[in-house]
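Right, one structure below, let's go through it.
The values are calculated or read from the model by the stated rules, or taken from the named source; none is laboratory data. As the structure is a computational prediction, the values presented were derived from the model and not from experiment. Neighbour counts are summed over all protein chains in view; Cβ atoms, including those assigned to glycine, are modelled from backbone coordinates with ideal geometry. Just the protein is used for accessible areas: all its heavy atoms, side chains included, with ligands, DNA and RNA removed. Shrake-Rupley method; radii C 1.70, N 1.55, O 1.52, S 1.80 Å.
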Amino acid sequence: MAAILPDLATQVLVPAAAVVGIAFAVVQWVLVSKVKMTAERRGGEGSPGAAAGKDGGAASEYLIEEEEGLNEHNVVEKCSEIQHAISEGATSFLFTEYKYVGLFMGIFAVLIFLFLGSVEGFSTKSQPCHYSKDRMCKPALANAIFSTVAFVLGAVTSLVSGFLGMKIATYANARTTLEARKGVGKAFITAFRSGAVMGFLLAASGLVVLYIAINLFGIYYGDDWEGLFEAITGYGLGGSSMALFGRVGGGIYTKAADVGADLVGKVERNIPEDDPRNPAVIADNVGDNVGDIAGMGSDLFGSYAESSCAALVVASISSFGINHEFTPMLYPLLISSVGIIACLITTLFATDFFEIKAVDEIEPALKKQLIISTVVMTVGIALVSWLGLPYSFTIFNFGAQKTVYNWQLFLCVAVGLWAGLIIGFVTEYYTSNAYSPVQDVADSCRTGAATNVIFGLALGYKSVIIPIFAIAFSIFLSFSLAAMYGVAVAALGMLSTIATGLAIDAYGPISDNAGGIAEMAGMSHRIRERTDALDAAGNTTAAIGKGFAIGSAALVSLALFGAFVSRAAISTVDVLTPKVFIGLIVGAMLPYWFSAMTMKSVGSAALKMVEEVRRQFNSIPGLMEGTTKPDYATCVKISTDASIKEMIPPGALVMLSPLIVGIFFGVETLSGLLAGALVSGVQIAISASNTGGAWDNAKKYIEAGASEHARTLGPKGSDCHKAAVIGDTIGDPLKDTSGPSLNILIKLMAVESLVFAPFFATHGGILFKWF
């Protein structure tokens, strides 16, 4: 029985959803751009009521500047100047990074071509298919060429996603600051809309490029769907390779600046965060955009590309691919298409249906986004599973075909989606200062930094428990129902609301920058309070975003692992054989080696930054008094140079490990390596991200002094607060460099092994062939 949805409808629906997503992003961008970066001239300046008639007589519309008699024109000019400096710094860093990464990608593209082409000795003759020996498939050389093209396509899409995200964020940060003068609700909407621009652009472009690639490759491959979708996996590899360098490079940049600015500025000199006298302050704000925005964008794009590729590879050797059923074959893309529409509806709840009027409504509004998108998406998945799939079909399961029903696939996607929500909420519980875990960490600062560090580490380890159970349950259920295809679509389910997830995630750094601009422009402390409230909520949502990224990475890499094992013709992965076990134990070590490299990189870059900031405070006369400007450019240069130099070794470790193991030790040892890295990487990633997030929010809890308990720990500058700043500084590289990069490590190694699987299966294991 065929799917209800005709093939033509699928061919229209997927690109149409992508176009709607891009159009929605453009509309949001136009709305953000309506906030003018020039001072408005008003009649009767200085009177609080002067502006009241502007928005239908809303009395709350007057600007704080008018009430406090500050010169509005100067404030707007300063904001514009600072925004320009941040945007310029971020753009020049990304261009420098992309030059180096481009070179690396070029070399890697050549490797893909040479390795895959050599599988059949660069033959141009058709060969028997790998899974259906009775049918003829396109030559290995074609697979080499198309995999290389897909790799470049994925890398470029990932690069553009990150770059556009950064541009949007640097465009919106000062606009959020200016809107904060009218109230916290206006600022929230500006920051959130900007996040939505990035979210929808990324989700839609990822979908449309993959869809176009499948159709263009299909012209050559014709009926050889097995070869077509094997070549498409290069798209996921390209996306993740760029994401790795973006995450590591951006993470080192942002944290070197952040640690330097905090240690000298807040701890030694006792000046506020983002004070314009601090030489590292521009580098710090640039870092938020290159690490948290560009890096995060590339990371989630990589996850999305890989989960789609993993599902498509398994589907191509199941009944969908064997019988050439186009609509069920594109089920993963249909899920993503419906996801864009579901997220669009969800976004309207935050920007148009409800208005935020008070500070304490911010975090609930962001949490509602997660809940609404999950509920709407569940209905969407049910529709797609009913319309886009036949009632029963078979799924490839390690050499056999397993009969599966469409309602079972619906459950697989839904379990991934809801597991994502659970991980999100557990992360929020452990990292938000509204709950007891973070308040306990803040309380431990009474006895100094050491107890703060102990409590923070314990919190991080503990926060791993429930997410791991959620991931384990999703894997068990989805694998039992639909083998590895079930796990791949569960990962897609978790990422199906990527547009909303990214909007919430990008909102954090934009709010953080807005607060920094308010401080540097010398705006009223009440505006800083509003941007701080936006930022504290943003910290939690960033942790939730990282939780999603890590959870989906675990499912994606397991699905890719399954596809790799099938492609490399390994019947079972037996841990008791020494070949597999040595891979397992080395794989489990790799996340530690990788974390050591990234943490040390941040440490050594921060050391240079601290020395430079100290030098400027000691040698520039009038800097502390605010009469002379610091030398921001030197600090920006220190961050840029350090991150470019330091991102190559961790990147090379991840990219070369599967190649070395596959070539010298063979596919069985490589399967052990992948399993080991997956199992240990997920744990470290969750605990590192949550520990860092908790320390950051414990510091913010003390600074805000919103409760009786918080006021007993404060104010800013107290011993308690200094202990919290030290915890926050240690947590910075954990939550923004090592933690988030680890999820790319486990996915990237798995997708790389899958792309090179034909080569490893044919020519791999050189060392063991001698014994």
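Just how large is the dipole of region 587-710 about the Cα centre, in debye to the nearest 20, putting +1 at every Lys and Arg Cβ and -1 at every Asp and Glu Cβ?
Its charge dipole is roughly 200 debye.
Using alpha carbons only, how many angstrom separate the centre of region 470-510 from the centre of region 186-247?
Distance between centres, Cα-based: 16 Å.
Once both axes come from the Cα atoms, what is the angle between helix 525-567 and the longest principal axis of the chain, in degrees from 0 to 90, rounded to 10?
Once rounded, the angle reads 10 degrees.
Sorting check: for 29-38, 403-412, 345-354, which peptide has the highest mean count of neighbouring beta carbons within 10 Å, and how do the rest follow?
Result, highest mean Cβ count within 10 Å first: 403-412, 345-354, 29-38.
Taking the C-alpha atoms of region 187-253, how large are the radius of gyration and the largest Cα-Cα span, Dmax, in Å?
Calculated on Cα positions, Rg and Dmax stand at 16.7, 53 Å.
Out of every Cα pair in region 621-717, what percent are spaced more than 24 Å from each other?
Taking all Cα-Cα pairs of region 621-717, the fraction more than 24 Å apart is 62 percent.
Can you give me the Kirkwood hydrodynamic radius for region 536-607, using every pair of distinct Cα atoms, in Å to one decimal?
Computed over region 536-607, the radius equals 15.5 Å.
Please compute P(r) over all alpha-carbon pairs of region 590-670, binned at 10 Å starting from zero, and give each bin as a whole-number percent.
16, 31, 22, 15, 9, 5, 2
Any idea what diffusion coefficient region 447-505 gets from Stokes-Einstein, in µm²/s, Kirkwood Rh on alpha carbon pairs, 25 °C, 0.890 mPa s?
175 µm²/s
Counting only protein heavy atoms and a 1.4 Å probe, tell me what percentage of region 250-407's accessible area is made up of carbon and sulfur.
64 percent
Positive end of the charge dipole of the chain (Lys, Arg +1 and Asp, Glu -1 on Cβ, about the Cα centre): tell me which of L576, G731, A506 has its Cα farthest that way.
L576
Students often forget the sequence filter, so: which lysines lie under 29 Å Cα-Cα from K125 once same-chain residues fewer than 8 apart are removed?
Within the straight-line limit of under 29 Å, K125 reaches these lysines: K133, K138, K769.
Cβ neighbours within 10 Å, averaged per peptide: list 513-519, 252-258, 563-569 in order, most packed at the top.
Ranking, from highest mean packing down: 252-258, 513-519, 563-569.
Provide the three semi-axes, in whole Å and in decreasing order, of the ellipsoid equivalent to region 449-602 as defined by the square roots of 5 times the Cα gyration tensor eigenvalues.
39, 21, 14
Round to the nearest 10 and give me the degree value, 0 to 90, for the angle of helix 498-520's Cα axis relative to the longest principal axis of the chain.
So the helix axis and the longest Cα principal axis differ by about 30 degrees.
Any chance you could check the Cα centroid distance between region 78-106 and region 383-434 for me, in angstrom?
38 Å
Hey, can you find the accessible area per residue of the chain for me, probe 1.4 Å, expressed in square angstrom?
That works out to 34 Å² for each residue.
Under a Cβ-only charge scheme (Lys and Arg +1, Asp and Glu -1), can you give me the dipole magnitude of the chain about the Cα centre, in debye to the nearest 20?
1140 debye
Convex hull volume of the Cα atoms in the chain, per residue, in Å³?
141 Å³
Highest first, please rank the peptides 739-751, 644-656, 118-130, 312-324 by the mean number of other Cβ atoms sitting within 10 Å of their residues.
739-751, 312-324, 644-656, 118-130
Among residues other than I271 whose Cβ falls under 11 Å from its Cβ, what is the net charge (Lys/Arg +1, Asp/Glu -1)?
Once all neighbours under 11 Å are counted, the net charge is -2.
Taking only Cα atoms, what is the 0 to 90° angle, nearest 10, from helix 184-221's long axis to the longest principal axis of the chain?
20 degrees
With Rg and the Kirkwood Rh both taken from Cα atoms, where does Rg over Rh land for region 420-481?
For region 420-481, the value is 1.15.
Please give the net charge around S240, taking every other residue with its beta carbon less than 15 angstrom from that of S240, where Lys and Arg add +1 and Asp and Glu add -1.
Local net charge: -1.
Between their Cα atoms, which of K78/K629; K36/K357; K546/K747 are more than 18 Å away from each other?
With Cα atoms farther than 18 Å apart: K36/K357.
With unit charges on the beta carbon (Lys/Arg positive, Asp/Glu negative), name the residue among L103, A537, H709 whose Cα is farthest towards the positive pole of the charge dipole of the chain.
Positive-most Cα among the choices belongs to L103.
May I ask you to give the average projected area over all directions of the convex hull of the Cα atoms of region 259-329, in nm² rounded to one decimal?
Spelled out: convex hull of the Cα atoms, projected over all directions, averaged, 6.7 nm².
Mean shadow of region 293-404, computed from the convex hull of its alpha carbons, in nm²?
Spelled out: convex hull of the Cα atoms, projected over all directions, averaged, 9.1 nm².
Return the equivalent ellipsoid semi-axes of region 145-189 as a descending list in whole Å, where each equals the square root of 5 times an eigenvalue of the C-alpha gyration tensor.
38, 8, 4
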